[in-house]
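This report concerns only the one structure given below.
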Amino acid sequence: MINVQDPYGVLGLSRDSSPAEITAAYRELVMALHPDARRASADPDRLAEVVAAYSVLRDAKRRAAHEATRAEPPPVAIPVRVVRPQPDIRVGPTRRHLR
């Protein structure tokens, strides 16, 4: 079985797509990529990716499991730079030494 990292990207869908939209996108891609379609766009490797992606997204349990593994990583803690007040330094007129 082919491991698909982003089944939504393979089918050209967004993450909030409905089951009907997933099925419609799958059918459209199968019609375009299937070798029996006798079209120049037949691509068996791409078709295998589409079938694998659809097998993940068509089942509600598999889709939920995929979404759970795709959870966002926790945010990285960025250290906060503490700005300490600096003493007030005043600079008077400067002299230019000619040599």
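Per-structure values
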{"read-out": "Largest-first ordering by accessible area, 1.4 Å probe, given options LEU98, LEU29", "value": "LEU98, LEU29"}
{"read-out": "Gain on full stretching of the segment that runs from THR23 to ALA48 - 0.36 nm per residue minus C-alpha separation", "value": "7.4 nm"}
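The values are calculated or read from the model by the stated rules, or taken from the named source; none is laboratory data. The model shown is predicted, which means the values in this text are computed figures rather than measured ones. The protein model used for the area step is the full one, side chains on, heavy atoms only, and it has no ligands, DNA or RNA in it. Shrake-Rupley method; radii C 1.70, N 1.55, O 1.52, S 1.80 Å.
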